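Before any comments, here is the structure.
The values are calculated or read from the model by the stated rules, or taken from the named source; none is laboratory data. Note that the structure is a prediction, hence the values are computed from the model and not measured. All Cβ positions, glycine included, derive from the backbone under ideal geometry; neighbour counts span all protein chains shown. Surface areas here come from the heavy atoms of the whole protein model, side chains and all, with no ligands, DNA or RNA. Shrake-Rupley method; radii C 1.70, N 1.55, O 1.52, S 1.80 Å.
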Amino acid sequence: MPSWWSKPLKDVPATFNARAETVAEKPMFRSAFKQRRCLIPASGFFEWTGDKGSKQPWFISAKEGQPMTFAGLWETWKDRATGEVMDSCTMIVLGANQFMGEVHDRMPAVIQPHDRQTWLDFPSGELLQPAPEDHLQMWKVTPAMNSSRYHEADAIVRIE
């Protein structure tokens with residue numbers, strides 16, 4: 001949610017992912033790319049395959065089990081009508097590596113541990129890369145996750 005946005009919150013286009021290929025130029029993201037980069041820590045992420053109504057969720061994580069960090073941007077926005085202040089962030093995504101390409105054509109931009117501070121300090125698209133081919137693992141998880149009512153702690157238990 002860019003700070004300059006003047007319309008109501010309901011009128012904001014989808015901004016939960018920013019494309020690495022255009023993040024530096026798109027008005028919605030370019031200021032944050034220059035000045036407000038962040039790291040999004042995660043144990044992994046989900047993707048889905050299959051046809052509508054029978055989607056199969058997959059959990060993707062680092063093979064070694066260590067947390068991953070994704071490239072992100074953050075903003076603070078103030079609603080001009082109510083004065084409400086809202087912090088938001090977006091994840092930067094890019095073309096998938098070959099491993100991820102089995103389930104989706106895009107993936108989060110992974111910032112390697114030795115590049116984290118550089119990402120925060122210097123606006124450069126050079127660090128926006130997919131994870132190395134041998135870095136990830138994935139497995140099927142319960143299709144029950146396809147319901148917004150599913151709230152089980154064991155959501156990422158491997159199924160065969």
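Considering only residues that are surrounded by fewer than 14 Cβ atoms within 10 Å (Cβ to Cβ) and part of a strand (DSSP E or B), which ones fall in region 76-94?
Step one: list which residues in region 76-94 are surrounded by fewer than 14 Cβ atoms within 10 Å (Cβ to Cβ), which gives 76, 78, 80-87.
Hits for region 76-94 are Thr76, Lys78, Val85, Met86, Asp87.
Tally time: how many residues in region 102-150 are closer than 14 Å to Phe46 by Cα, polar (S, T, N, Q) and open to solvent by less than 40 Å² (accessible area, probe 1.4 Å)?
Residues flagged as closer than 14 Å to Phe46 by Cα, polar (S, T, N, Q) and open to solvent by less than 40 Å² (accessible area, probe 1.4 Å) within region 102-150 amount to 1.
Consider Phe45 carefully, then state whether it is of a type in the set (Phe, Trp, Tyr), under 17 Å from the mean Cα position of the chain (by Cα) and closer than 18 Å to Ser88 by Cα.
Working: of a type in the set (Phe, Trp, Tyr): yes; under 17 Å from the mean Cα position of the chain (by Cα): yes; closer than 18 Å to Ser88 by Cα: no.
Judged against the criteria, Phe45 is not a match.
Restricting attention to strands (runs of 3 or more DSSP E) lying wholly within region 19-71, give those where 1 or more residues are open to solvent by less than 20 Å² (accessible area, probe 1.4 Å), in contact with a Lys or Arg (Cβ under 8 Å, 6 or more places away or on another chain) and within 19 Å of Lys140 (Cβ to Cβ). Spell out how you get there, then give the answer.
Details: elements: 37-42, 45-49, 56-62.
Per the criteria, 56-62.
Taking Asn97 as meeting all but one of (1) in contact (Cβ under 8 Å) with a residue 40 or more places away in the chain; (2) open to solvent by less than 30 Å² (accessible area, probe 1.4 Å), write down the number of the exception.
Condition not satisfied by Asn97: (1).
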